[in-house]
Amino acid sequence: MKNASLPRHVAIIMDGNGRWAKQHKLQIALGHRRGVETLRAIIRESSDLGIEALSLYAFSTENWRRDPQEVEALMGLLLEFFTSEIDELDQNRVCIRILGDKDGMPERQRQALVQAEERTKENGGLKLNIAINYGGRAELVRAARLLAEQAARGEIAPEDINEETLSQALYTHGLPDVDLLIRTSGEMRLSNFLLYQCAYAEFEFPAVLWPDFDLNAYHEALDAFARRDRRFGGRKA
Ligand code: FPP
């Protein structure tokens, strides 16, 4: 694939772990565990391809409503991931950023997330953003509040608030907009993910469930993106 047609920023809604577990007559936690295997492979491939930023939706602010056993399994997997993968990610110069409210996480998980960010913050490779305890609307509310606080302190004037300053107040500050959003399992919803950042994103909805989303499926989505005609509201030249 030509570099010019590679998306700079890929965002993925990793959907279908529950259905995969059901199909295989396994507990939901095992579906999520298989989902982590897919996630590792996709991170590695994105890094190898030279994609600039990869954002993964791991846990939404709404996911707390799930069965406590499932929430506990997801929290366990998160902790395991950040403990067992951090050396390899760091070696591969991956720079980790958490999108979402870390302070609302259980203490052990919160610490692991802060440490992963701290340890990899100078890395110049793949910018890996993991959305945890994240909601797009909550992110926009937080940004509005941050800007209002700056205005109240007299640091900025209301007329200084524009697309640039608003995007600087988002968790994704400094990153390019999302070019390609992939949601697996055939569902076609944004589910409160990166609402502002997806303004001009191209969407791909492969039918495959997340644990079955392999490198071929990833390449198909990237190839489909490369064939898209992006106009950003303008007309074709
Ligand atoms: C959606 O599948 C998936 C999630 C809610 C969680 C995604 C989490 C992981 C892949 C693992 C944890 C992440 C990290 C970073 C270690 P679903 O359960 O909604 O599937 P369903 O719609 O088929 O029930």
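Among the acidic types (Asp, Glu) and in contact with a Leu (Cβ under 9 Å, 6 or more places away or on another chain): is that true of Glu52 in this structure?
On the way: among the acidic types (Asp, Glu): yes; in contact with a Leu (Cβ under 9 Å, 6 or more places away or on another chain): yes.
Answer is yes for this residue.
Conditions (1) more than 16 Å from the ligand (Cβ to nearest atom); (2) within 30 Å of Gly31 (Cβ to Cβ); (3) in a loop (DSSP other than H, G, I, E, B); (4) touching a residue at least 40 places away in the same chain (Cβ under 8 Å), marked per residue:
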{"residue": "Gly154", "(1), (2), (3), (4)": "yes, no, yes, no"}
{"residue": "Leu175", "(1), (2), (3), (4)": "yes, yes, yes, yes"}
{"residue": "Glu187", "(1), (2), (3), (4)": "no, yes, yes, yes"}
{"residue": "Phe193", "(1), (2), (3), (4)": "no, yes, yes, yes"}
{"residue": "Phe203", "(1), (2), (3), (4)": "yes, yes, no, no"}
{"residue": "Phe225", "(1), (2), (3), (4)": "yes, yes, no, yes"}
{"residue": "Gly234", "(1), (2), (3), (4)": "yes, no, yes, no"}
**Hits in the range 94-127 - residues which are surrounded by 21 or more Cβ atoms within 10 Å (Cβ to Cβ) and over 18 Å from the mean Cα position of the chain (by Cα)** = none
**Item:** Sole exception among (1) of a type outside the set (Gly, Ala, Ser); (2) touching a helix residue (DSSP H, G or I) at 6+ places or on another chain (Cβ under 9 Å); (3) open to solvent by 70 Å² or more (accessible area, probe 1.4 Å) for Gln91, by number
**Value:** (2)
**Asked** under 26 Å from Gly50 (Cα atoms), part of a helix (DSSP H, G or I) and open to solvent by less than 30 Å² (accessible area, probe 1.4 Å): does that describe Ala131?
**Response** no
**Item:** helices (runs of 4 or more DSSP H) within the range 1-106 that include 1 or more residues within 14 Å of the ligand (Cβ to nearest atom), aromatic (Phe, Trp, Tyr) and more than 19 Å from Val178 (Cα to Cα)
**Value:** 17-23, 68-84
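Under the condition of being of a type outside the set (S, T, N, Q) and open to solvent by 10 Å² or more (accessible area, probe 1.4 Å), which residue from the range 48-62 is nearest to the chain's Cα centre (by Cα)? Quick ask: steps written out before the conclusion?
Going residue by residue through the range 48-62, those that are of a type outside the set (S, T, N, Q) are 48-54, 56-59, 62.
Filter once more, so that each one left must be open to solvent by 10 Å² or more (accessible area, probe 1.4 Å): 48-50, 52, 57-58, 62.
Details: Asp48: 18, Leu49: 17, Gly50: 17, Glu52: 13, Tyr57: 4, Ala58: 7, Glu62: 16 Å.
Filtering the range 48-62 for residues that are of a type outside the set (S, T, N, Q) and open to solvent by 10 Å² or more (accessible area, probe 1.4 Å), the one nearest to the chain's Cα centre (by Cα) comes out as Tyr57.
The values are calculated or read from the model by the stated rules, or taken from the named source; none is laboratory data. Because the structure is a prediction, the values reported are computed rather than measured. Please note: Cβ atoms are built from the backbone with ideal geometry, for glycine as well, and neighbour counts cover all protein chains shown. Accessible surface is based on the protein model in full, side chains and every heavy atom, while ligands, DNA and RNA are left aside. Shrake-Rupley method; radii C 1.70, N 1.55, O 1.52, S 1.80 Å.
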